[in-house]
Amino acid sequence: MTGKLVIGNWKMNGRLAANLALIDALQADAAVRAAQVAVTPPFAYLGQAAALLAGSNIALAAQDVSAFDKDGAYTGEVSAAMLADVGCRYVLIGHSERRQYFAEDNALLARKLRAAVAAGLVPVYCVGETLAEREADAYKAVIAEQLTVLGALAGHDYVVAYEPVWAIGTGKVASVEQIDDVHQYIRATLLQCHGASDSIRVLYGGSVKADNADAIFSLQSVGGALVGGASLDVESFGRICQAAEKTV
């Protein structure tokens, strides 16, 4: 892995004026400018963000993509080709909130992955277990099953993000030992079973904040972070980016 990748997931947040202020502040932050960074505004603001980010080191990412790979009568859908057309480099696929609220399964996610790479996007494929699955010691089996869809992407560039669902917004915190254990397992599975390159990045996405970023990024198995709420606060996001660069 060459450096840590930090992706800020804005989720369903943002307005034109707030986006302008946030992106201007991010571009002015020396730590953000020095890091490998991407932000994921909602679909409605991708065009605005693309214009504001032109010429900067901050890449543009989308929060989701349609499983339909051709233009057509799919009201409300946004295709991978459209995302590439407005300047996206990355796209989140299989985020825990998509799995939870929209019942996205492996078959659907496989279609989204194929559509993304066909359009030249880099998928950021999210995996992770619930509290019940963690407590039943079934988390590795759950993650292995989620990773099966990546077998079809051998030879393509992609990123994996590990989200322990039980540690997101619950007050529970994954220990560095737990994080390292799962990240090493994911990397080994990708290398042994799915033909991934040794340079594959596995990001951590379990309530990453400024005060835990140093410990998380100190792990060699962690290739970066998928940051939620803290990505909307410039000071916090800047400190996370600074922590990422310390380990390069």
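Laboratory data are not the source of any read-out in this text; all were calculated from the coordinates shown. Quantities reported herein were computed from a predicted structural model and do not represent experimental measurements. FYI the Cβ positions are ideal-geometry reconstructions off the backbone, even for glycines, and counts take in every protein chain you see.
GNM remark for the chain: springs join alpha carbons under 10 Å apart, and the peak mean-square fluctuation among Ala44, Ala210, Ala174 falls on Ala44. Over the chain, dividing the summed -39,500 (n - 2.57) contributions of all DSSP H runs of at least 4 residues by the number of residues returns a 222 nm mean residue ellipticity of -11500 deg cm²/dmol. Site pair Glu235 and Ala144 shows an inter-label distance of 4.6 nm when each label is modelled 7 Å from Cα along Cα→Cβ. On the beta carbon distance between Leu16 and Ser56, with R0 = 22 Å, the FRET formula returns roughly 0.75. In terms of surrounding Cβ atoms within a 10 Å radius of their Cβ, Met12, Met82 rank from fewest to most as Met12, Met82. Spin-label pair Asp71-Val86: with each label point 7 Å from Cα along the Cα-Cβ axis, the two points sit 1.6 nm from one another.
Peptides 142-153, 224-235, 107-118, 14-25 ordered by packing proxy, namely the average of other Cβ atoms within 10 Å per residue, highest first: 224-235, 107-118, 142-153, 14-25. Normalised by the number of residues in the chain, the average gap of Cα pairs under 8 Å and 6 or more apart makes the relative contact order 24 percent.
Size check on the range 91-157: the Cα extents along the three principal axes, sorted descending, read 39, 25, 16 Å. Within the chain, the proportion of Cα pairs with more than 26 Å between them is 35 percent.
Using a cutoff of 8 angstrom between alpha carbon atoms and counting only pairs six or more residues apart, the relative contact order for the range 84-219 works out to 24 percent.
Computed extension gain for Ser175 through Gln220, at 0.36 nm per residue and net of the alpha carbon distance, reaches 14.7 nm. Given Cα pairs under 8 Å that are at least 6 residues apart, what percent is the relative contact order of the range 14-85? That works out to 27 percent. Computed over the range 50-170, the convex hull of the alpha-carbon atoms projects to a mean area of 8.8 nm².
Tell me the net charge near Asp69. Cut-off is 12 Å between Cβ atoms, Asp69 excluded, with +1 for each Lys or Arg and -1 for each Asp or Glu.
Overall, the nearby charge balance is +2.
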